[in-house]
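Notes to accompany the following structure.
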Amino acid sequence: MSDCIFCKIANKEIPSNLVYETENIVAFNDINPQAPVHILVIPKKHIESLNELYDKDLAGELLESVKEICKKLNITDYRTVINTGKEAGQEVFHIHLHIISGRPLKWPPG
Ligand code: AMP
Ligand code: ZN
């Protein structure tokens with residue numbers, strides 16, 4: 001999608017701090033980190049949210065990429081979050097999975 005910031009990151013039209021890339025996925029550091037480690041994992045393909053994710057292969061790739069990213073960066077303990085919808089905190093409507101780590105994390109989240 002032409003006006004989607006995460007499509008632009010995936011297409012390298014705007015810079016980001018990439019930490020991982022495959023044919024279908026990229027991961028990059030969040031611009032406003034909520035913990036010492038805060039990475040966003042996205043499919044290169046524009047999908048608005050979890051509610052529009054019908055591609056089982058891509059869903060599997062997205063989830064499996066998490067352990068690859070964490071292995072690569074020596075992250076053992078982490079939280080994964082997918083915000084879906086405005087009320088749940090979704091601000092960017094290109095599906096993304098947060099990997100948050102590097103400090104003790106409280107539960108339940110706010
Ligand atoms: P969410 O609230 O789940 O939609 O998460 C959107 C996340 O994208 C937030 O944590 C933002 O800090 C992050 N973000 C927005 N723009 C950028 C950008 N250009 N590069 C990296 N992260 C971004
Ligand atoms: Zn997009």
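The values are calculated or read from the model by the stated rules, or taken from the named source; none is laboratory data. Quantities reported herein were computed from a predicted structural model and do not represent experimental measurements. Note that we place each Cβ from the backbone using ideal geometry, even for glycine, and neighbour counts take in every protein chain shown. Surface areas here come from the heavy atoms of the whole protein model, side chains and all, with no ligands, DNA or RNA. Shrake-Rupley method; radii C 1.70, N 1.55, O 1.52, S 1.80 Å.
Note on region 1-102: with neighbouring protein chains present and a 1.4 Å probe, carbon and sulfur make up 50 percent of its accessible heavy-atom surface.
Remark: relative contact order (the chain) = 30 percent; criterion is Cα-Cα distance under 8 angstrom and separation of 6 or more residues. In region 1-80, taking the dipole from charged Cβ atoms about the Cα centre, the farthest positive-side position among Val19, Ile31, Thr76 is held by Thr76. Loop-located GluC sites (Glu not before Pro) in region 57-110 (DSSP state not H, G, I, E or B) with no more than 16 neighbouring Cβ atoms inside 10 Å: Glu91. Considering only Cα atoms, the convex hull volume of the chain works out to 108 Å³ per residue.
Probing with 1.4 Å while keeping every protein chain in the model, the per residue accessible area of region 4-104 equals 59 Å².
In a simple Cβ point-charge model (Lys, Arg +1; Asp, Glu -1; nothing else charged), the chain has a dipole of about 400 debye relative to its Cα centre.
If R₀ is 22 angstrom, what is the calculated FRET efficiency for the pair Asn51 and Thr22, using the beta carbon separation as r and rounding to 0.05?
The value I calculate is 0.40.
Quick one: dipole size for region 36-101, taken about the Cα centre, charges +1 on Lys/Arg Cβ and -1 on Asp/Glu Cβ, in debye to the nearest 20.
Result for region 36-101 is approximately 220 debye, rounded to the nearest 20.
Counting only trypsin sites (Lys or Arg not before Pro) that are in a DSSP loop and have at most 11 other C-beta atoms within 10 Å, tell me the longest site-free stretch of the chain. Counting at most 11 other Cβ atoms within 10 Å as exposed, the longest clean stretch of the chain is 13-105. For the chain, the 222 nm mean residue ellipticity estimated from helices alone, with every DSSP H stretch of n ≥ 4 adding -39500 (n - 2.57) and the total spread over all residues, rounds to -6500 deg cm²/dmol. Of the chymotrypsin sites (Phe, Trp or Tyr not before Pro) found in region 52-110, those that fall in a DSSP loop while having at most 13 other beta-carbon atoms within 10 Å are Tyr54. Ligands, DNA and RNA excluded, the heavy atoms of Ile82 present near 60 Å² of accessible surface to a 1.4 Å solvent probe.
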